[in-house]
Structure formats: structure tokens, C-alpha cells
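This report concerns only the one structure given below.
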């Protein structure tokens, strides 16, 4: 019983301490026109981002990518854009282009400046080992994008 509480407290602390995880939650709740997530805890909203290696192997890559998975991917990259925008003041946008097989690109840009480019393979299996890995990966994108935006601000304003 104590172990479960510690796990829940750890997850809660990760959400409370990670600006990136907060940004994902903000993006998901911001797109929730029907109020479905209004009563959901932050941990419950983030739970689909955690996918073990075993679970990934069980997910079929045949057929179209589930719209919920596409929404999860776009919320992740919109959170990257929102964090970069907050750091730099440059309006940042996201383009997600996935084909029917789950391959494509996620682009975060500001003006004419590409802040983040990610090739996506097997979008059906999008997820991370833990919330810590979600935050870590997102913060890497944010840091690289912020560095580019600060290095080339004139291009980001075009």
C-alpha cells in the first residue's frame, strides 16, 4: 500500500516540477471543447504517454494511426512550441504530417525558422518509458529550439 502511494507521489511530483509536462496538460485541456478532461487528474491525462517496451511490441503498426494517438503526438509538439514561445516571445507553430502507415514529420517553427524537426516512425507506438522520459525528451526539444530562436531572432520574426 505504501509503495503505491510513493509511486503516485512520485508521479505527482514529476508533474508539479516539470514545466514541460504542465505544458502538455495545458495543451490537452485547451483542446478539450467538451470538458472531458475537466475532472481528470494531471497524472491520468499524462498516463497514455507512458508506454513500456513490452506494450509497444504489442501495438500493431498495421492500418491507420489511431486519432487519439495522433492527438497525443500533436499535443506533445504543441507543448514544445508553447514552451519555446514562452522562453523567446516568438510565436511558434506546429505542423504534423503523418501518412497512413505512421511515418512522417513533426515540425515546430517560428516565422521562417525551423526550431525543431522530428522524423516520426511507427506513430502507432508513440510513447515513452516514464513521465520522466517524456519531460526529458520534451525539454531537449525546447532547449534546442530556444537556442536556435535566440541565435536567429530576425528569421523567427519574418
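The values are calculated or read from the model by the stated rules, or taken from the named source; none is laboratory data. Keep in mind the model is a prediction, meaning the values are calculated, not measured. Virtual Cβ from ideal backbone geometry, glycine too; neighbours counted across all protein chains shown.
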| note | Every listed condition ((1) modelled with pLDDT under 90; (2) more than 24 Å from residue 94 (Cβ to Cβ); (3) surrounded by 13 or more Cβ atoms within 10 Å (Cβ to Cβ)) holds for residue 15 save (2)
| field | strands (runs of 3 or more DSSP E) wholly inside region 39-139 that include at least 3 residues being free of Cβ contacts under 8 Å to residues at least 60 places away in the same chain, under 14 Å from residue 21 (Cα atoms) and touching a helix residue (DSSP H, G or I) at 6+ places or on another chain (Cβ under 8 Å) | value | none
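This table checks each residue for (1) more than 30 Å from residue 111 (Cβ to Cβ); (2) touching a strand residue (DSSP E or B) at 6+ places or on another chain (Cβ under 7 Å); (3) modelled with pLDDT of 95 or more.
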position: 4; (1), (2), (3): yes, no, no
position: 7; (1), (2), (3): yes, no, no
position: 21; (1), (2), (3): no, no, yes
position: 24; (1), (2), (3): no, no, yes
position: 59; (1), (2), (3): yes, no, no
position: 63; (1), (2), (3): yes, no, no
position: 66; (1), (2), (3): yes, no, no
position: 75; (1), (2), (3): no, no, yes
position: 94; (1), (2), (3): no, yes, yes
| message | So for region 77-91 (the condition being under 18 Å from the mean Cα position of the chain (by Cα), at pLDDT 90 or above, closer than 19 Å to residue 125 by Cα and surrounded by fewer than 12 Cβ atoms within 10 Å (Cβ to Cβ)), does at least one residue qualify? | response | no
